[in-house]
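Written out below as structure tokens is the structure these notes cover.
The values are calculated or read from the model by the stated rules, or taken from the named source; none is laboratory data. These numbers were taken from a predicted model, which means no experiment stands behind them. All Cβ positions, even for glycine, are placed from backbone atoms using ideal geometry, and neighbour counts span all protein chains on display.
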Amino acid sequence: MPQMNMVQAVNSALDVMLGRDPAVVIMGEDIGYFGGVFRCTEGLQRKYGESRVIDTPISEGGIVATAIGMGVNGLRPVAEIQFADYVYPAFDQIVSELARLRYRTAGEYSAAVTVRMPCGGGIRGGQTHSQSPEGIFTHVCGIKVVMPSNPYDAKGLLVSSIEDDDPVVFFEPKRIYNGPFDGDWHKPAVPWSTHPKGEVPAGHYTVPLSRAQIVRPGADVTVLAYGTMVHVAEAAVRLAGVDAEIVDLRTLVPLDLDTVCTSVCKTGRCVIVHEATRFSGFGAELSASVQEECFWSLQAPIQRVTGWDTPYPHAFEWEYFPGPNRISAALKAVMEGT
Amino acid sequence: MATRASRLHVPHPPARPGDRPNFDYLKLSPAGSVSRPEITAPLDSTAHLAQELVRVIDDEGHALGPWNPHLDAADLQVGLRHMVLTRSFDERMQRIQRQGRISFYMKSTGEEAVSIAAAMALRPDDMLFPSYRTQGLYIARGRSLVDLMCQCLSNTHDMCKGRQMPVMYHWRSGNIFSISGNLATQFPQAVGWAMAAAIKGEDRLAASWLGEGSTAEADFHQALTFAAVYQAPVILNVVNNQWAISTFQGFAGGEHRTFAARGPGYGIPGIRVDGNDFLAVYAVTQWAAERARRGTGPTLIEHVTYRAGAHSTSDDPSRYRPKEEWQSFPLGDPIKRLERHLIALGEWSAERQERLEKELDAHVGECWKESMRYGTLTEGPSLDPATMFEDVFKEMPAHLARQRRELKSLLGG
């Protein structure tokens, strides 16, 4: 089976969908001739032409708005926002329009738009190239929110997102584009070819939306994570020496609450990890849902390990990043029941 | 009846890698040929300014026509010095980024006149809302290179306290606003600042800069709408350097109309100026500033120039444009053109130029040595990471104080 990194997996998903479905078009800044600043769309314009792999003006609001119009007119656009940090000019179009079109027209109109964007820090990108705004979008009713943690899932989830008739916001953690990252930035980078999820089928396949995956079975504590933090959590579990069950959520909306709660009810403990800021972050939703469903099984308060509630600082990104040490400390704390 | 199906028009740059550079699409006017309307002239009698190209310095280095600002030789030498210093600073910082001492850099090479001539034509108390390629504003206003370098180093002397990527400077006492990493946001903010000046009855003005690619953002259109509605004392500068990363100016709408021509559509005079002509940039800025101060309202200026370097140190332009394109750019190099003008005036020489370049290269080297003493990203001394919790709010709320304590205990403090 081919080895792919996450950039190649995203590229392959787009390639497969452009090849299968003439309604699929992709669009964004620098994505056509140039192949994208992260190379996710390399070679696709040459293969499918300028009318299906569309370079756009620098206008995130314009990109999403015209994608909606294309969707209404029968196309299935996949829009790239160059960095998740740049999505806010498109916020109104996503929140007020894309998310609610089906609802406000009682199902007569909808737009099957997928909005892709790289997110997360760890690349010295400072506050405008490091954000993880997924929690802002999970709070909006009517859009699905996805964040893969590896190349196999990235391709399968992106194919599912494009095929889905509802709008999807698809986050790509850029720190793991080229290899899994366990949170220790001193170590040399590891390529995806060393990881089983770096094996990616060349053709069409899907990973279903709304299905979490247990990436490490365990008995004593459940760790809920997604994106880059799945790998960081694995390192933290090794560091803490606990028998943790790690759940990779993969899709945040709709959430696979069954897998989450079955695990927490089994282990009786829960640590929630995300890179995004803590206050009103997606972890708050997870914590509340787990408490509602698993209260009588819990043996310790639920812990959240997240980015601090500040903008992402350029010089201190590793003090900001919720690394293995902080997660490990939380694991030990829930094991001690404190 | 025969009908023709619609077809998506996709703009194409005139040359890609391997092609011969081609700037035939740029409409040029001879130096000195464009008339200069009175600053009180009605909008319609300024219409030609948005189509033609205001130029003062001709190919032989002579200053021609009604836009010649007749600056003293001493002022011209100061302008030249600022431009040479900016270029030397940029070259040094780019090399330092390649050595891994800073994380990122953006040069302004080829565009120095746009910032420096404008800053010199304005008053020091005028408020500037820069883009990320207008470091010349800082240099023209006299900010020390050590301060700029320390920002890029995120060290103990960094004005941003390690919070911003390199080049995202700010300078409150120098009346230069903070640089955002997001595009065009500063344009309508400058209009708001100018509206406040009008509300308060001050004669200060605001000026802002963005790239032609950023004119596609809604912020640009909001800026022009508000500026026109309130006749705000603001100068809105579009730096048309032909390239927005890999996307040529046609993708921002430059194929069909000049960027200056956006102005009249909103009721604002638009001027298209040779951005590599120090005298022309100075003169049009002066014209726009006089209009603003007299209460005659905003002006949109399109500076036609060329981004000689990569978009940033993360970019590789050889993938999308001919390598030698800058050498073919018909408006040349702004430094060489001002140098030639000074030589034509008998106020400069090749030897003095060489001496100046050496002197400023040495100065940049000294500043770098001093900056390094305040630390680098990877080598101390460094700021206390717990400072990241400051300035989120004026007073630190309890939840941040708690998080700061947690970080301090993690760091063993």
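With respect to B:T134, determine if the residue is in a helix (DSSP H, G or I), assigned by TED's automatic domain parsing to the domain that holds B:N241 and hydroxyl-bearing (S, T, Y). Spelling it out, it is not the case that B:T134 is in a helix (DSSP H, G or I), assigned by TED's automatic domain parsing to the domain that holds B:N241 and hydroxyl-bearing (S, T, Y).
A:P324 passes every criterion in (1) touching a Leu at 6+ places or on another chain (Cβ under 6 Å); (2) more than 27 Å from B:R163 (Cβ to Cβ); (3) not small (G, A, S) apart from (2). Kindly indicate whether A:M147 is modelled with pLDDT of 95 or more and within 14 Å of the chain's Cα centre (by Cα). Yes.
B:L28 - would you say it is in contact with a strand residue (DSSP E or B) (Cβ under 6 Å, 6 or more places away or on another chain) and surrounded by 13 or more Cβ atoms within 10 Å (Cβ to Cβ)? It is false that B:L28 is in contact with a strand residue (DSSP E or B) (Cβ under 6 Å, 6 or more places away or on another chain) and surrounded by 13 or more Cβ atoms within 10 Å (Cβ to Cβ). Specify which of the listed residues (B:T215, B:T185) is free of Cβ contacts under 8 Å to residues at least 60 places away in the same chain, crowded, with 24+ Cβ neighbours inside 10 Å and among the β-branched types (V, I, T). Testing whether each residue is free of Cβ contacts under 8 Å to residues at least 60 places away in the same chain, crowded, with 24+ Cβ neighbours inside 10 Å and among the β-branched types (V, I, T) leaves just B:T215. In summary, B:N182 fulfils each of the numbered conditions (1) within 14 Å of chain A (Cβ to nearest Cβ); (2) modelled with pLDDT of 95 or more with the single exception of condition (2). When B:K161 is tested against (1) in contact with a Leu (Cβ under 9 Å, 6 or more places away or on another chain); (2) in a helix (DSSP H, G or I); (3) more than 20 Å from B:A119 (Cα to Cα), only condition (2) is not met. The single condition from (1) away from chain A (no Cβ under 13 Å); (2) farther than 17 Å from B:E111 by Cβ; (3) in contact with a Lys or Arg (Cβ under 9 Å, 6 or more places away or on another chain) that B:A223 fails is (3).
For region A:300-329, the set of residues classified as within 11 Å of chain B (Cβ to nearest Cβ), hydrophobic (A, V, I, L, M, F, W, C) and either crowded, with 22+ Cβ neighbours inside 10 Å or more than 21 Å from B:F389 (Cα to Cα) (or both) consists of A:V305, A:W308, A:A315, A:F316, A:A329, listed by residue number. Return yes when A:E234 is among the charged types (D, E, K, R), under 19 Å from A:P180 (Cα atoms) and outside any helix (DSSP H, G or I) and no when it is not. Against the criterion (among the charged types (D, E, K, R), under 19 Å from A:P180 (Cα atoms) and outside any helix (DSSP H, G or I)), A:E234 does not qualify. Among the helices (runs of 4 or more DSSP H) confined to region A:1-120, the ones with at least 1 residues that are more than 14 Å from chain B (Cβ to nearest Cβ), farther than 26 Å from B:T185 by Cβ and among the small types (G, A, S) are located at A:6-20, A:60-72. In the condition set (1) of a type in the set (V, I, T); (2) within 21 Å of B:G253 (Cα to Cα); (3) in contact (Cβ under 8 Å) with a residue 24 or more places away in the chain, B:T46 is compliant with all but (2).
Can A:P322 be described as touching a Ser or Thr at 6+ places or on another chain (Cβ under 7 Å) and assigned to a loop (DSSP other than H, G, I, E, B)? Against the criterion (touching a Ser or Thr at 6+ places or on another chain (Cβ under 7 Å) and assigned to a loop (DSSP other than H, G, I, E, B)), A:P322 qualifies. Do the conditions hold for B:P11, that is, is it loosely packed, with under 15 Cβ neighbours inside 10 Å and within 14 Å of chain A (Cβ to nearest Cβ)? So B:P11 fails the test.
Residue pairs whose Cβ atoms lie under 9 Å apart, separated by 6 or more positions or on different chains, with the first residue in region A:125-142 and more than 14 Å from chain B (Cβ to nearest Cβ) and surrounded by 24 or more Cβ atoms within 10 Å (Cβ to Cβ) and the second of a type in the set (F, W, Y) and part of a loop (DSSP other than H, G, I, E, B), are A:S132/A:Y312; A:E134/A:Y226.
Just one of the listed residues (A:L286, A:L255, A:L224) is part of a loop (DSSP other than H, G, I, E, B) and within 16 Å of the chain's Cα centre (by Cα), namely A:L255.
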